[in-house]
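Have a look at the structure below, then the notes.
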Ligand code: BTN
């Protein structure tokens, strides 16, 4: 699947504006300064991308249905954001959207740049794990953030992204989604999304942060049975039917812009109530791998600085800044 050319985008936009009406080949040819055969070729291309366009020898063309694509044509004009995604890069296939975003960052891409791929060939998870990235089934996205944040604080962008996604899934899809600190979103105890944040810093402050998010949207049960380290699921499995990736993406970008904006302007403590409401581990006994060391305790909440507070067996509280939750025990 190749992205549209500028002319194809314009034709598409015109057909959308005329929603439900026929547009004659002559009108299009005139408007875009090309032959009717040229128009026909562009329409054929749009059809191969999945646009359902009715062609009628006398009446012309009518757009009947729009496919669930994450291309600029389908996302940018529908964005309900002030800065996030205004620089939008859609790629049909890439090694990793995080790598691509890091490259764009080095070339000076602006704050809020979003990179989306239909497919990743080397999608990366945490701890060098592979991230399943089949075309059409998920959202594979990286967001470039340029606010200079203290190096210890910057990784908190990870759980703000998790929070925003859990909100979309719970509030817009009615799914019982929660965050598994620091980088997973779960539904029914299974992982539906993972986040990998990478940053470049100058001594104490981040120069830029890339938040990479992989969301399992329309994977089938069979596809989610793969040999994953953590049991996996998709939104469609949990919702009981296919879900439009485009709507999940637009909803997420809007909420993430709000949550991240609050984090930058008002600080981490302003998000603690939301984080606690959407967290799936609070009040539970968990084990966290911190580097080589395992720490177990009851997850009590977040400190105002942004660490996870664990009440250990010896009665001491430990603030954990980063780690991998390896075990979650049943509700206490
Ligand atoms: C994890 O759970 O281990 C994190 C998974 C992160 C996957 C996403 S998909 C988009 C972005 N590009 C990558 O290569 N990885 C992240």
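Worth pointing out:
- Applying a threshold of 6 Å to beta carbon distances and a minimum spacing of six or more residues, or different chains, the list of pairs starting in region 17-41 at a residue that is closer than 19 Å to residue 65 by Cβ and ending at one that is not in a helix (DSSP H, G or I) reads 22/59; 22/60; 22/62; 23/60; 23/61.
- Matching residues, region 90-117, being part of a strand (DSSP E or B) and within 12 Å of the ligand (Cβ to nearest atom): 91, 94, 114, 115, 116, 117
- Test: residue 263 is assigned by TED's automatic domain parsing to the domain that holds residue 192, surrounded by 21 or more Cβ atoms within 10 Å (Cβ to Cβ) and more than 18 Å from the chain's Cα centre (by Cα): yes
- Residues of region 148-173 that are without any contact (Cβ under 8 Å) to a residue 60 or more places away in the chain and over 12 Å from the mean Cα position of the chain (by Cα): 148, 150, 151, 154, 171.
- Residues of region 223-266 satisfying the condition of being part of a loop (DSSP other than H, G, I, E, B), under 20 Å from residue 119 (Cβ atoms) and at pLDDT 95 or above: 234, 242, 243, 244
- Which listed residue, of 161, 117, 193, 188, is farther than 16 Å from residue 98 by Cβ and in contact with a helix residue (DSSP H, G or I) (Cβ under 7 Å, 6 or more places away or on another chain): 188
- Residue among 324, 274 that is closer than 14 Å to residue 180 by Cα and out of contact with any strand residue (DSSP E or B) (no Cβ under 9 Å at 6 or more places or on another chain): 274
- Evaluation of residue 85 against (1) within 26 Å of residue 22 (Cβ to Cβ); (2) in contact (Cβ under 8 Å) with a residue 24 or more places away in the chain (one fails), failing number: (1)
- Those helices (runs of 4 or more DSSP H) of region 1-48 in which at least 3 residues are exposed (fewer than 15 other Cβ atoms within 10 Å of the Cβ) and under 35 Å from the mean Cα position of the chain (by Cα), considering only elements entirely within it, cover 6-17, 36-48.
- One residue stands out among those in region 127-144 that are part of a loop (DSSP other than H, G, I, E, B) and within 8 Å of the ligand (Cβ to nearest atom): the one that is modelled with the lowest pLDDT, which is 129.
- Residue 182 fulfils the conditions (1) part of a loop (DSSP other than H, G, I, E, B); (2) more than 11 Å from the ligand (Cβ to nearest atom); (3) within 20 Å of residue 232 (Cβ to Cβ); (4) touching a helix residue (DSSP H, G or I) at 6+ places or on another chain (Cβ under 7 Å) except for a single criterion, (2).
- Of all the residues in region 266-297, those that are within 24 Å of residue 164 (Cα to Cα) and surrounded by fewer than 18 Cβ atoms within 10 Å (Cβ to Cβ) number 11.
- Residue 168 meets each of the listed conditions (1) within 14 Å of the ligand (Cβ to nearest atom); (2) crowded, with 24+ Cβ neighbours inside 10 Å apart from (1).
- Matching option when the condition is closer than 24 Å to residue 104 by Cβ, in a strand (DSSP E or B) and within 15 Å of the ligand (Cβ to nearest atom), among 211, 192: 211
- Look at (1) more than 8 Å from the ligand (Cβ to nearest atom); (2) farther than 24 Å from residue 264 by Cβ; (3) touching a strand residue (DSSP E or B) at 6+ places or on another chain (Cβ under 7 Å) and you find that residue 124 fails only one, number (1).
The values are calculated or read from the model by the stated rules, or taken from the named source; none is laboratory data. Because the structure is a prediction, the values reported are computed rather than measured. No Cβ is skipped: glycine too gets one built from the backbone with ideal geometry, and neighbour counts run over all protein chains shown.
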